[in-house]
Structure formats: C-alpha cells, structure tokens
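Read through the structure below, which is laid out as structure tokens, and then see the notes.
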Number of protein chains: 2
Amino acid sequence: MTKNSLITVTFNPMGSKVKVKKGINIFEAAREADVSIRTECGGRGICGKCKIIVSKKNVLSELTEAESIHLSSQEIKSGYRLACQTIFEGDIEVEIPEESRVGAPKILALGLERQTPLNPLVKKFHLKLQKPSLSDVKPDLERLLEALSAIYKVHELEVDCEVLRKLPEILRGANWDVTVTVWDNRRIIDVEPDDTSNKFWGVAVDIGTSKIVGHLVNLATGATIDISSIENPQISYGADIMTRITFAMTSEANLKTLQKIVIDGVNKILAQTFAKAKVNSHQVYEITIVGNTAMHHLFLGIQPKYAALSPYVPVVKSPINVPAKELNIKIDPTGIVRVLPVIAGFVGADAVGDVLATGIHELDELSLLIDIGTNTEIFVGNSDDILSCSCASGPAFEGARVTHGMKAETGAIERVHIEKNFEVEYKTIGNVKPMGICGSAMIDVVAEMFKHGIINREGKFNPQMETPRLKRSNNQREFVVAWKHETLTHKEIIVTQKDIGEIQLAKAAIYAGCSILMKRKNVKRENLDRIFIAGAFGNYINPENAKFIGLVPDVPTKKIKFVGNTAVVGAKMALVSKEASKTAEMLSKKVRYNELAVDPEFNTEFFAAMFIPHKDPSRFPSVSKYFSVIKKT
Amino acid sequence: MTKNSLITVTFNPMGSKVKVKKGINIFEAAREADVSIRTECGGRGICGKCKIIVSKKNVLSELTEAESIHLSSQEIKSGYRLACQTIFEGDIEVEIPEESRVGAPKILALGLERQTPLNPLVKKFHLKLQKPSLSDVKPDLERLLEALSAIYKVHELEVDCEVLRKLPEILRGANWDVTVTVWDNRRIIDVEPDDTSNKFWGVAVDIGTSKIVGHLVNLATGATIDISSIENPQISYGADIMTRITFAMTSEANLKTLQKIVIDGVNKILAQTFAKAKVNSHQVYEITIVGNTAMHHLFLGIQPKYAALSPYVPVVKSPINVPAKELNIKIDPTGIVRVLPVIAGFVGADAVGDVLATGIHELDELSLLIDIGTNTEIFVGNSDDILSCSCASGPAFEGARVTHGMKAETGAIERVHIEKNFEVEYKTIGNVKPMGICGSAMIDVVAEMFKHGIINREGKFNPQMETPRLKRSNNQREFVVAWKHETLTHKEIIVTQKDIGEIQLAKAAIYAGCSILMKRKNVKRENLDRIFIAGAFGNYINPENAKFIGLVPDVPTKKIKFVGNTAVVGAKMALVSKEASKTAEMLSKKVRYNELAVDPEFNTEFFAAMFIPHKDPSRFPSVSKYFSVIKKT
C-alpha cells in the first residue's frame, strides 16, 4: 500500500462505506460518508458524545487524554473510542452504538401498519456555549447561531422576537448550557436552560364536522402518548356543514364566532390530553390540522362560502403555517400550527390525510379509496396518477336521518345477520343492550333483507312476506331489528321504508362517484387491486354486504379493506415526518379533481345505482348468483 | 447572413444589447437581455402594456390584430408596436418609452448627494385575473400566485393569514382586478381592489436618545414627502441612556413600559406625518428603524443591560423583521417593521446608517467618520476594511451639563467669533435673540478663547486678562458670551470654567478614540483623505475651530465635512433600496470593533487630549503656528 492510497471505512449498522486519505479521524470520515455521529462540541474532544466501537486496534492511534476522561475502563476494554480522537492507518469497520446515533431510523408504527421514519420539522439541539468576555463580545444570538452552525450544521436561522426577549436571562441563568428548539431548519422558536433535547411533543388533530380528535405524539420517539376526542362544539350552530357555512356567510362576526368556537374546541382537546399525559404545554411545539375544506377555512377564520357555492372554489389550498399565538392555540406560544393542504372544494386536508395514510400514491397496484362521511371523498389511482372526487352522500351512514340511526358508539348495533326464518342476530358495540343502529349495521340490514327477499331490487318492502318483523305503522312499512324487550330504551329498533331510501341515496351517490371516477380514469372493476374504505361509521364493515347493496364495485372480497379514521393518521404522519409533509403538499397539487357537479353522466349513474345492487346486474356478477335464491323466496 | 446566424437587438435608453435567434418576438428578446418591459398578461397580446418603438419597419412582422386594438393610429404612425406581437428578421434598435418601463432607474437624491437606485423591498403588482368557473376551480390564492408567477416572475410567495381572510371578498368585489403588495419577493402582505400600483409609502425612523425623527417616503418615486420629529418620550425616564437602562434592568414591567413609550412615540410621529402628507396608513407597508443599541433593544422589548455592562454584549446584532401588528406600530397591520442591524455594544444601527449614508465603505480613499452624540461612534477605513469604536463623550455637545447649553434649535447661538478687543460676535439659529449655546458654538467659544489667551492649554481662565467679559461669580470664573440686554431671557449667557471642562472631557474622549483607532489600523493623520463629522449638534461646524480645540486630527480644513444626521439618511437608503439593506447587513458583520474599555493606551491618550489642542503640540502643526500669538497675549 503506497503512502497516498485511500483506505476504506465502513460504518455499521448502516453499512455506509467511504474511501478516505490516511490521517483524518473517524469523526471526519463519518462526515465524508454523510453518516451523522452525535456531538455537542463539533469534534473537539470536549463533549465525549461521539463514542464508537472499533475492533482493529492495531491500525488505530493511541488513546488520548480526552478519551481516558470520557470513556470508562469497561468501555475501553469493549473497544469503545471517541470518533473525533481516533486516527486510523488501515481499513476499518466502525460500529456506531445507539447512543451515538443522530436521526437514527426510529420508527413510528401507524394504525395501518405503514411506517414513517421519524423526522419531525421540530428539532432540539443541546449547546454548551462559551461565555462572553471583553475579548469576545459576540452578541447572544450570534453566539447561539454560530454554535448551531458549527456543531449541528443548521445555518441561517430566523428567530422569533419572543425568544430574543428571554434569551439573555436564560443563557446567563443556565450558565450558557441551553437547548434550542428549531422549526423546519429555519426558525428558532424556543431556548430553554439545560439539556431538554428529549422533551418535545406535538399534536395531530382531525377537525371533523361532528368530532374533533387529537393524537398527542412524543416527537423524540414518535410514539403516540394519548388520544382524546370531543364533539365539535360548532354543532350548536348546525349539525351539518351547510348550516354552519350559511351562518358564517351572513356576517363577519358570525364567521369569527365559528372560528373562535372551533379553536376553543381544539384548546379543550389540548388541555385534556396534556393533563392526561402530564405534558407541559410549553414543550409542545407543533400541531398539525386536517379537516374538510370548510373546517379548514373556518379554523383559519377564512370565509368558506365560495367553496360551498358554485363554482366551488376554496380561498386557498396550499399548506398554511401560523404561529400558535396568532391563532390563540394553547401550545408553546412561539410554536407553529400547521394546517395541511387541501385538494379542492370538497376534497379537503382530511382527504390528503387519507391518501397519505393509505399510501395509495406509493403503490404500483391500482387502488380505490373511499372516505365515507356526510361528504364522501373518492380516489382512484396509483403511483402514476390519482383522480379524486367528492359526492354529497348525506349523513345516513353516520346515523343521521335514519329512524334509529346513531354514531358508532357503545350501544350501537354494528353487525346484523338475518336467518332463514327471518330471525335477527346482531352484535352491539360494547356488548350492551342496543340503543340504535350504526352505519356498518345499516349496510348489513339492507343486504340481508335483500338476500331474504324482504325488500326487492328497488328497495321496496315485499308486503307478501310472512313474518311478524315486517309491520305496518303510521301508514308505512317497517322491519323490526330488535324487539322492545331486547333494547336499552324498551322500544323496538326498526328500519323503515324511508330509512332504506336514505341508505339507497347514500350508496348510490358513492357508487356513482366511484363509477364516474373509474370511467374518467379508464379503469375497469377487474383492474382494481384494492378498495380501501375509510370513515368513522363502524369498527367493522362486512365487505360482502358492502358489495351486496352496491356500495362499492364488485371485486373479490379479499381486496376490500376497512381502514378507519385515516385522516388523523395522515395528520400524524405529517407531524412526525418532514418527508410526509412534503408528500402531502405534492398530493394536494398532483391529485387531480373531477367535479361531479359538471359531469354529464352523473345523474344517469346515480339513478342506476339506486337499485340494489344496481340497475345493471352485470356490474355485480358475484351478487347475481344470489338472484335465483332471491326470486325463490 | 445565413439562416441560423444570430441577430442583435439593442434596447434603449439603457443600451442593453443581446444576440438572439431569428423568429422570437421583442418581448422574449427583452427577457433574454434581462430588460424588463411592462406587462400584465405575460406576453399574450391581451393587456397592451408592452408598447415599444422600433424604426426599421422592413425587418418587422406585420401588425397583428392585438396591436390594432391596443395602439392608436397616431402611435402606429410614430413606430409604436407591442413587444410581444413583433417578430423581427434583422438587427434592430428598440426604444422602451417611459410608460413601458418597469423598475426604471428612478433616483433618490439624498442629503449627502449620494444616489440610491430605487428598489424597495415592498413592491406592488397589478393583476387582472380570470374569473373561476366550473371548469376552472383553482382556489383564489393559487389563482393569484400563478398570475404573479406567470406575469411578474415572482414565485413561491408566502401569504399573511389576514390577507387570506379578506382575499375572496376583494377579488369578487373588484371583479378580479386587483393590486397585490409583496414584501421582499417572499410574502404577500396586501391585496387591494383596482390598480393601486403607484400608491405605497414607507417611513425611515431614527430613534435617538433625545429625539425621534421620521422621514415619510413615497416608495413609488423614492421622494421624501415629509419630515417630522418629536422629543423621545422616554426622556421622562431619564435624559441619558444609562438612567433608562437602569430603570429597564429592575423589572420586566419597567422594560415593557419603556418599550411601550418609545412605540407610542414612533406612532405619534407616524400619525403626524400621515396627517400632514394625507397618506393612508394602510398603504404604508414598511418602516425602517435605526437607533443606538440600547434604543434598538428597548424598541423591540429586549433587555439592553448586557450591552451596557461589561463585557458589553448586545442580545442580537442581525437585522430584525417583525410584522407591524406584532409591535403595534400603526402602519398597515400586515406591513413590516425592519430594524437595521447593529455592529457592537455601543455601535448601533444608527452607526450602520452613518456608514451607509457617507459611503466610506465604497471609497478607496481613507475616511475618518465621527458621529458625535452622548456616545460618539468613530470609524476609520475605506472599501478594504473599517474599524470602529465608541466612546462615552457625554452630552456636552448636545447642550447638556453646560450652564447655558441647549440643543441646535431656534434661539441657540450656533457660531461665535471673538474680536481682538474681546468683543463677541455670534449668530443665532433663526436669527432671533439668543437663549443659549449649542454644540457647534461651544467649539467656537473654546477655540476663540484659546486663540486670544483667555484660557490656557489646560483650559484654565487667565485671571490676568483685562476684559469685563471675564468675571468672577459664585467663587468661579466665567466668560460672558452675550450680555443681559441682548438675550431673550434677559440673563447673561456665560461659559464657566466647569463648562470648558465638560467640553474638554468630551473632545478628549473623541480625539482619544480617533487616535487609538488610527493607531490600531496603522493610519497616520497624513493618510486621512477625509473626515466626516455627523451629529445633530449644530447646522454648521467650523472645521478650523474643531481642529483648534483638538476635537479631530489636524488635517487640511478642506478635508473636513460636516454631514448632519446621517443615521436617518442610512435608514432611508435601506427603505428605498434592497441593495442598501444588504450593504447594511454586510457592514454590521464586516465593520470591526475595537473595545476602548480594554485598550491599554486609552487612558494615556485621553489625558493627553485634555489639553488644548493636545499635550503633544506636534500632533497639531497647523494650530501650533498660533502658539506664538497665544503666548504674546
């Protein structure tokens, strides 16, 4: 080996290799390999944080004084060295132990079992600064910035004025040993005494029309610490979003009222979750928000009416970052509220969360994603392209406008099975006596009644059917799901002709949306590799029955997956991952939008889908095999 | 000429030339030449704004329909064309008339007769947007951003939440014809109906310890519209800065009080100047602030004590931009308050203004710049390097601590001459009866008394002097400058032994500062090409006398220039020019600082400079010729 030849360093466990000249130390080699090793002194042998393990002792320089101070004899025996003190003369393999890793790929497991590398926009940096003296009169901020730049390689930071105001006292009170919180590599949002680099939290919030859900996340580990939810307090201004928009339209003051109320609601969730988890609100530096476009606008105090009136134009779709103090959100006042981007008028930030959480934009396979709510957002596509639409499916699946409909809460019937003798088996959330029926069970009821000929393809009751469960009351027919003595309310739980009609309207709108979207993207049912159903209308949906009533296209049952509240999962991904945030922004721009209101085929598709499962049975071959059975009964 | 050869376009009046391929239009050629031509449609023949004049008709394409719509027959006769419609086949010269120029080099003339190209950070853009429709549902903000990007080439703008809130109503109310205000090519801070692209203003403010001065500037033209000033209302908390710092040190509430008071003061100036000039505060988008480091910190609510106590470390030196609403400064609430950077503990943003305004950093010649105030900032250097220091010269030149001292206001004696017979000639500001003596006249009095042997080299009165003007009162000697009957107050205006001592202390501190700074930079008196004296202590300083008392080094009189309040001029340059703002930032980093408090030679220099003109006469050869005269008297 000649004097100038290069030697190879391999860094484990990542396996990164780099060829370097002899004479540099391992810390410098790591920098060349783009491998981060922890340090607080920038490689000057002062902090003792850059511990690594090397086995080939014969090619290494002698232990330095700094190493004998910072390494225990046990560590020295095990091959530990300080990277910045160790020069090497031949090829080596370097093991970076967990404690010395920076941004090591910690993993956040999500509900969907997808994984997001932990890389929040909020970062904390511990610093030990030189005290100023008459020969070193660098101002406080510049002292801090230079250290951040030298040690952690974060450059050109802005600083919040509030931080400047407390900076001098904190530096001196902490004897120049402080932790700096930086947002998005561009803004210093906090300075605290001592090493608090592992203490920072964030909250992901889904502002639903009826419910606000918050997930409190430890940003040092990516772990979800607590989940809290409350009813959206705007409900007192109207259960449905159109009533609230109408209220907000009438005056500036009304708009402000709705904004204040939803912000109070978010603050209530925050107070609740911080108390439960014993987290200091001043160490909560970021909150990510998703919601439909109207909620998004109302939360920011922006008039939502133009998104609700033709031609359905939102005021803004880009992501918005606002200092918490400006919105009066009760996290650290210099913390950031990050509102995720929206796609279009009725495809909001919650829909961006849906796509992010299901990852359909990353799959080569073709997915159909349906987030069922009062407005249902539908997506079809894959990593090449995604087309979306929104349809007004109404709140039937969420329990509204259905005689005994209710949300998917304790006491709701969530699954229903009808026997040949028309006896009904059902399962209640919480295994208590039933109070009502939630969306998933409504799908079951309609499907099962159809299977047994209780209703026909038009959804009408068959008056010939001989069973005491089919009754006539108030001049209309109804089917008894649970008898008086079985229920908590001591009243029968029934499904009326009108209820079936509501389900038909809802499922027809959704199926028509799917159908048009698939046509516009030139996708056939056979090409679909997967259908994701998202929403908060049950813990379990029977995919067989969803097909049976014609809610979703007829694909093999194993391709249908119910994924729950994906909107808040998407918000959480953006909270813990800069990359996911960028993806959200990309999705908001790239996901194409098809306005159903101007689609000439929508009405035809909608009316055809009012039938069970559909006016055209050839679209549901797996269901048509039951038709013979149905006709027999 | 072969088919592929390049042809030359010359754009006048700027004289820019560019070689281009045949077949492109003049608008595109201008873009290649980096010449801006006005447009609102981005070169699509819609707006008719890109009018130009070309004479060589034979190489031009035929008139288009768009041109016949937008050009009058008179214009067509005179050779007018639309740049975006005109393709050319040979070399041409294009005249861009005033009306089609963008950012044409309008010039701001400053007090110092230096010129700054007009390029404020605040810019306004007029836009005519397409209305949304069912087939074009782009959100409001994105519609605006795309137009700004396509037409004016400003990309990736942030937007203030307040602007988002008013955006939808303004767009629709103005039928999509609006003007957008952008700050620093990065943030939309206003949207207004119609074309207001010529209506925007800014204010440059110098917060002095005793006076706040504001210059209102029309940012469309660079013209100064009004100058207003008030006493700094903090004066009720102490005339000198140390008293105020001591007050601010004692509690958070006191610090907040001083901040509130100075902000109220700035708001008072603003209200006053807007009323005088009939300017709408909502069209004032920026205010630049200079002040010494203590004023800088107090204005921002930052504790100034560490800059005043050893080791004299400010909290921050970088420029600070704060939304006006955050500081409660009464310009447009989404406007920006820009606080210029400081250099060191006692060399503040006002000093950065001094350098910027005098331009000593641009000269090859060596300059000495002295901004005389309670603290005097001194600079020596040129385009290569500038060294600065600050010395506590006390307020004697500003009229404080001197028996009949006063500010340079109406009624102040500003020049004094003593005849051989000891009679005194003086000139008063405003040519009224005198009330007191301002700084410039104090320099004259001391110099003239010395010339006539009334005081000796130590500044002591010569008791042998036979003149009724030299009197004894309250056990000390004093010299009568104006008799009772001459004055407005009907009291004598006198100069006491103590007064002379104050002037000696002040001038000794300043001269010692100059002397040390020149030594540290290895500059000799003979090498100085220029001495700038800045400050607000008189309208005219007799440079001969300034040398005579030993205030400034002995250089030929023609090299000494009195430049007045350069701090506010520097603030105004930063207001109208992005380049000047960058220069200010560069200066704050590059100007080196010499801490006199730790300079071992300062005390020796200071005591030697207490003599008139100096203990070592060889430093003042031009004065020593008077010594023989002095000895004779």
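Here are the numbers for this structure:
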{"read-out": "Region B:7-100 shape via C-alpha gyration tensor axes, a/c threshold 1.5", "value": "rounded"}
{"read-out": "Chain B Cβ-axis minimum, rotational copy A, residue and distance in Å", "value": "B:GLU326, 4"}
{"read-out": "Of A:LYS460/A:LYS561; A:LYS124/B:LYS590; B:LYS211/B:LYS330; A:LYS51/A:LYS77; A:LYS22/A:LYS49, those spanning more than 21 Å from alpha-carbon to alpha-carbon", "value": "A:LYS460/A:LYS561; A:LYS124/B:LYS590; A:LYS22/A:LYS49"}
{"read-out": "Nearest-first distances (nm) between copies at A:ARG457, label 7 Å from Cα via Cβ", "value": "12.3"}
{"read-out": "Viscosity 1.002 mPa s, 20 °C: Kirkwood-radius Stokes-Einstein D of region B:405-476 over Cα pairs, µm²/s", "value": "165"}
{"read-out": "Cα-based shape type of region A:337-395, given that a ≥ b ≥ c are square roots of the gyration tensor eigenvalues and the cut on a/c is 1.5", "value": "oblate"}
{"read-out": "Per-copy distances of the B:SER135 label point, shortest first, in nm (7 angstrom along Cα→Cβ)", "value": "7.7"}
{"read-out": "Nearby aspartates and glutamates by direct alpha-carbon distance to B:LYS166 (threshold 18 angstrom, same-chain neighbours under 8 apart not counted)", "value": "A:GLU252, A:GLU326, B:ASP140, B:GLU142, B:GLU158, B:ASP177, B:ASP190, B:GLU192, B:ASP194, B:ASP195, B:ASP332"}
{"read-out": "For the protein assembly as shown, calculated [θ]222 nm from helices alone, where every DSSP H run of n ≥ 4 adds -39500 (n - 2.57)", "value": "-9000 deg cm²/dmol"}
{"read-out": "Loop GluC sites (Glu not before Pro), region B:395-425 (other Cβ atoms within 10 Å of the site Cβ: 16 or fewer; DSSP)", "value": "B:GLU409, B:GLU419, B:GLU423"}
{"read-out": "Approximate spin-label separation A:ASN321-A:TYR626, in nm, with each point projected 7 Å along Cα-to-Cβ", "value": "5.2"}
{"read-out": "Length gained when the stretch A:MET242-A:ILE53 is fully extended (0.36 nm per residue, less Cα-Cα span)", "value": "61.7 nm"}
{"read-out": "Region B:203-350, Cα convex hull volume normalised per residue, Å³", "value": "94"}
{"read-out": "Inter-chain shielding of A:158-167 (mean C-beta neighbours from other protein chains, 10 Å cut-off)", "value": "5"}
{"read-out": "Pseudo-label separations to other copies for B:SER149 - Cα-to-Cβ vector, 7 Å, nm", "value": "3.1"}
{"read-out": "Calculated diffusion of chain B, Stokes-Einstein form, Kirkwood radius summed over Cα pairs, 20 °C and 1.002 mPa s, µm²/s", "value": "77"}
{"read-out": "Shape call, the protein assembly as shown: gyration tensor on alpha carbons, a/c limit 1.5", "value": "prolate"}
{"read-out": "Restricting region A:276-356 to trypsin sites (Lys or Arg not before Pro) in coil, as DSSP defines it, with at most 11 other Cβ within 10 Å", "value": "A:LYS278"}
{"read-out": "Region A:25-71-region B:384-434 distance, computed between alpha-carbon centres (Å)", "value": "65"}
{"read-out": "Relative contact order %, chain B, counting alpha carbon pairs below 8 Å whose residues are six or more apart", "value": "11"}
{"read-out": "C-alpha center-to-center spacing [region A:483-501, region B:474-524] in angstrom", "value": "102"}
{"read-out": "Those Cys residues of chain B for which no other cysteine Cβ falls under 4.7 Å", "value": "B:CYS50, B:CYS84, B:CYS161, B:CYS389, B:CYS391, B:CYS438, B:CYS514"}
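No value in this document is a laboratory result; all are computed from the given coordinates. Treat the numbers as computed from the prediction; the structure is a model and nothing was measured. Backbone-built Cβ (ideal geometry, glycine too); neighbour counts: all protein chains shown.
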